[in-house]
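Right, one structure below, let's go through it.
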Amino acid sequence: MTVESPVAPGSRIAIAGASGLIGSALARSLTDDGYEVLRLVRRAPRARGEVRWDPDAGRVDVAGLAGCAAVVNLAGAGVASRRWTEAYKATIRDSRVLGTRTLAEAAASLDTPPSVFVNGSAIGFYGYTGDRVVDESAEPGSEFLSSLCVEWEGATEAAREAGIRTAFARTGLVVARGGGAWGPLFPLFKAGLGGRMGNGRQYWSFISLHDEVAALRHLLFTPSLSGPFNLTAPAPLTNREITAAMGRVLRRPTLFTVPAPALRLALGGVAGDVLGSTRAVPTRLLESGFTFTYPEIDDAIRVATTRSGWRRGVEGAAGR
């Protein structure tokens, strides 16, 4: 049976991956609104509000999680930070699957389990869909990221069996200046060196960092929500369209084209994430009453040029 109690204002929320792009923005948002955020760290805690864990070894300070109303797991090795050698693909997998299993089992073992476990995932679940629109009802694809996401979500089994409401945040490409797959694009385009990648016809399912944080809060604070949710803007665009938008907003020419063979040579397996087309839409998120603040690409890019790309006021955007 799923726990239906809400996460009360001011309660304690544990975040794994709180130093990353999305996790740090979420932690800041929650802290600013009076929630007590516990950050899971791999070293000895140095400050109040830090809890030690070792996901590779399957260990976490369970006592430090006591009293948490919610657990958010956004931890994992960077997908776009290195070439996909077989060794690094194993690192990507283990960092997500082992970490998720560790946290789910720890949450389930608490005398008073958290009411909700929000676990990171990705639209890579669907594989490369070309022009075909997919929502949360679609089956997984056959690519590396697809099988990874299936395992990643499956690693929450202990939490689900314990009756903890569990939601999967299948995130698309986050439009943010400070990191992620989009981060390197901003200096490139600002220097006038931006342009389409490959033939430019591949769909990029994007979301602003602001809406990403708001959507995660929506999953945290809405007791009826469980299962997969696509965290993407309602209307995915092609790389060609996004390239044009980057040029408009940044007021730079977009004359360059990076041929597909050059991208594959430079990026290895991760080039598939750039050249592949996944046209995912957030059907369940919209049906749950969520409202996007920056659904259009020009606005998403524009807000990303601010200092953090995250703005206060997400309570309204999250439908609270």
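The values are calculated or read from the model by the stated rules, or taken from the named source; none is laboratory data. Being a predicted model, the structure only gives us computed values, none of them experimental. Virtual Cβ from ideal backbone geometry, glycine too; neighbours counted across all protein chains shown. Heads up: the accessible areas ignore ligands, DNA and RNA and are worked out on the full protein's heavy atoms, side chains in. Shrake-Rupley method; radii C 1.70, N 1.55, O 1.52, S 1.80 Å.
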Heavy-atom accessible area order for K89, K190, largest first, 1.4 Å probe: K190, K89
Most to least accessible of S147, S29 (protein chains only, probe 1.4 Å): S147, S29
Most mobile of D94, D111, D131 in a GNM of the chain (Cα contacts under 10 Å): D111
Cβ-defined net charge surrounding P187, 14 Å radius [Lys, Arg +1; Asp, Glu -1]: +3
Accessible surface of the chain [probe 1.4 Å, protein heavy atoms]: carbon and sulfur percent: 52
Distance between region 105-163 and region 189-248 - C-alpha centres, whole angstrom: 19
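Sorted by packing (mean other beta-carbon atoms within 10 Å per residue), highest first, where do 35-42, 167-174 land?
Order by mean packing, descending: 167-174, 35-42.
Express the relative contact order of the chain as a whole percentage, based on alpha carbon pairs under 8 Å and six or more residues apart in sequence.
On the way: 677 pairs, mean separation 61.6, N = 320.
Result for the chain is 19 percent.
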For V41, residues with placed amide H under 5 Å, excluding near neighbours: V51, R52, W53
Probe 1.4 Å - accessible area at I123, Å² to nearest ten: 20
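Can you tell me the accessible area per residue over the chain, all protein chains present, probe 1.4 angstrom, in square angstrom?
42
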Relative contact order (%) - region 83-163, alpha-carbon pairs under 8 angstrom, separation at least six: 40
Mean Kyte hydropathy of 0.5 or more with a Cα span along the axis of at least 20 Å, helices from DSSP in the chain: none
Relative contact order of region 4-106, defined on C-alpha pairs under 8 angstrom at six or more residues apart (%): 28
DSSP beta bridge pairing in the chain, given as percent antiparallel to the nearest 5: 10
Dipole in debye (nearest 20) - the chain, about Cα centre, beta carbon charges: Lys, Arg +1; Asp, Glu -1: 1320
